[in-house]
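What follows is a set of notes on a single structure, which appears directly below.
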Amino acid sequence: MVKRAATPFVDWGRTEYRAAVEAQRALVEARRAGEIEDVLVFTEHEPVFTVGARTGAARHVLSDEAMRVARGVAVVETNRGGDVTYHGPGQLVGYPIVSLEPRCDLHAYLRMLEQTLINALGTLGLAAGRREGQTGVWLGRRKIAALGVAVRGWVAWHGFALNVDCDLAAFGGIVPCGIGPDAGEVTSMARELGPAQRPKMDEIKLVVAREFWVLFAHYLATKGSAKAPGKKAREKV
């Protein structure tokens, strides 16, 4: 049985990325100490390019400082797995701070996060799926959600970013997740559904949270084996 917070999610509202990382660190340590239950945090970040731990990720920031200042976009190096991505208003960022100790399988956890978003998008009118060889959630060649996690003492943090109604032009300042234009493009729910079906963030949060807890319980209950990544580990975007 999943031991989780009494509410389906905690909503931090809009946050600056560095502050959100520090707040996550505190939750991770509290979860490791058994002071809190598993929790799912939602937020929308102020505009930022985050550079993951993958070797050479920084070279995929294409815009110069002047362009970033003009658009109000910060650049922050982070300890999550993966390459470079963009976060900004209109993008739903989910940070599950959860213990994976009952089933130490980081690969399966990533697949569970993908399935959470695939199921939620299906409920909301979009037939999303996976793309062979690529982490994340896709509509054909169009990427609608990115994932990147870290693990400390088998407590997972960081998580996923679902493009709801964000500034897609901002992705032009990077090679998002290291995927060039010949390999695919970035999209959003607003773009795919059109103005007549513009998604409501509050509804999306409820749907995503519901799918997450159902699938996380299934993840924990499913027996599997994987090589332990040690006290710290990362998975890619």
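The values are calculated or read from the model by the stated rules, or taken from the named source; none is laboratory data. Because the structure is a prediction, the values reported are computed rather than measured. No Cβ is skipped: glycine too gets one built from the backbone with ideal geometry, and neighbour counts run over all protein chains shown.
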Check on residue 175, at pLDDT 80 or above and either surrounded by 15 or more Cβ atoms within 10 Å (Cβ to Cβ) or over 30 Å from residue 37 (Cβ atoms) (or both): no
Those residues of the stretch 80-110 which are assigned to a strand (DSSP E or B) and crowded, with 23+ Cβ neighbours inside 10 Å, in sequence order: 84, 85, 86, 87, 91, 92, 94, 95, 96, 97, 98
Please enumerate the residues belonging to the stretch 192-201 that are at pLDDT below 95 and either touching an Asp or Glu at 6+ places or on another chain (Cβ under 9 Å) or β-branched (Val, Ile, Thr) (or both). 198, 199
For the structure I just gave you, tell me whether residue 117 is crowded, with 23+ Cβ neighbours inside 10 Å and in a helix (DSSP H, G or I). yes
Going through the stretch 144-168 in order, the residues found to be surrounded by fewer than 24 Cβ atoms within 10 Å (Cβ to Cβ), free of Cβ contacts under 8 Å to residues at least 60 places away in the same chain and within 12 Å of the chain's Cα centre (by Cα) are 144
